[in-house]
């Protein structure tokens, strides 16, 4: 523990603390909006511990204690135990395959008793951020070298792969957010470009008819080939690169993407992605959904969640229906409206104006975190700060896009708002470790 005594709060960015408290309060009120019953006494229901909003209030108290503990901790302990915590997180994720509890088709929870469950994949985001920061801050790490980039990539990939094995595709995608701090520390821009290009190619494969897209790719390759042919005498490798890229793009479009949707993803996952671009997916092509001979094929899931979510948000109009007056969310038409679709309660109750004001709170918090990152003397603290900002931004962008139909449903909570003890604890510890490191920003940590 720290020996700073009365100066424990010195240097703390209180703006972030108040933004954190405001968001947690908004989250509890949002859960209250969708679950409160007029015939019950609101005060007793809040302190009874039997409703989700009362449980979230308890989670908030536990997280306040955790935040205090983090602020009392010496910053050097985070660097000293970064790798050990990462290993512990991986072991916890592995333990879910043995003692894990299956919730909504995902075996990623460890029961703690009393109706509470721990999701190691959530906590592992903290440990991965610390381990990545530790690795990139080492004096012997030269991040311009491929070896260092591969090691950093492996640190991120390990928990992501385990999340996929637990059927937690959303949490696995969150780990891609660590590419931003890696890019800030020198990851070549080409990798980001290749990744973005692959994403565009996948979307184009879903939207455009296969033969049409193949012809379009061929035409584009021919045009590029014609433009660069005059440089062929000086660099024959340039023409070869154009041909290789064309072969890769066509191969991905004709073979890789269909294989992923038909053999890797579950039917409901493929359906949700297709529905995002306005297409229907044929579940009879999905190998994972095919039953044994003689059994009926699995029914194709629909986009009921998203349709109800958009109806609820749209019904709020510009200024909303008011607190506790939402007919869609109060009527429980929106599934999972206290967790992944909590944003719908804000949209219906406070409308477009309220949603913009709410997102501005997030935007201001992200701005403060980026400012904190750029004033660090230590590479460890800077990488960690960018990791926190990236994780928060990814969660916010994906969750909000998910509720309005711009992104497939992948089960990502809205930070500090969605119901869940593991999620709230994770974001609390993430943010307050950052505040502790920032308070000691004059110290060089490795």
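The values are calculated or read from the model by the stated rules, or taken from the named source; none is laboratory data. In this text, all values refer to a predicted model and were calculated from it rather than measured experimentally. When we count neighbours, we look across all protein chains shown, and the Cβ atoms used for this are built from the backbone with ideal geometry, even at glycine.
Residues are listed down the side, and each one gets a yes or a no for (1) surrounded by fewer than 17 Cβ atoms within 10 Å (Cβ to Cβ); (2) not in a helix (DSSP H, G or I):
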site	(1), (2)
110	no, yes
123	no, no
138	yes, yes
149	no, no
161	yes, no
205	no, no
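List the helices (runs of 4 or more DSSP H) that sit entirely inside the stretch 324-439 and contain at least 3 residues that are under 22 Å from residue 14 (Cβ atoms).
Values: elements: 327-330, 343-374, 379-403, 421-439.
Answer list for the stretch 324-439: 343-374, 379-403, 421-439.
Could you please let me know if residue 429 is in contact (Cβ under 8 Å) with a residue 60 or more places away in the chain, out of contact with any strand residue (DSSP E or B) (no Cβ under 9 Å at 6 or more places or on another chain), within 21 Å of residue 365 (Cα to Cα) and surrounded by fewer than 24 Cβ atoms within 10 Å (Cβ to Cβ)?
Values: in contact (Cβ under 8 Å) with a residue 60 or more places away in the chain: yes; out of contact with any strand residue (DSSP E or B) (no Cβ under 9 Å at 6 or more places or on another chain): yes; within 21 Å of residue 365 (Cα to Cα): yes; surrounded by fewer than 24 Cβ atoms within 10 Å (Cβ to Cβ): yes.
Here the answer is yes, as residue 429 does meet what is asked.
With the requirement that a residue be modelled with pLDDT under 60 and either assigned to a loop (DSSP other than H, G, I, E, B) or in contact with a strand residue (DSSP E or B) (Cβ under 9 Å, 6 or more places away or on another chain) (or both), what does the stretch 1-22 give you? Can you show your working first?
From the stretch 1-22, those modelled with pLDDT under 60 are 1-7; that's our starting set.
Of everything in the stretch 1-22, those that are modelled with pLDDT under 60 and either assigned to a loop (DSSP other than H, G, I, E, B) or in contact with a strand residue (DSSP E or B) (Cβ under 9 Å, 6 or more places away or on another chain) (or both) turn out to be 1, 2, 3, 4.
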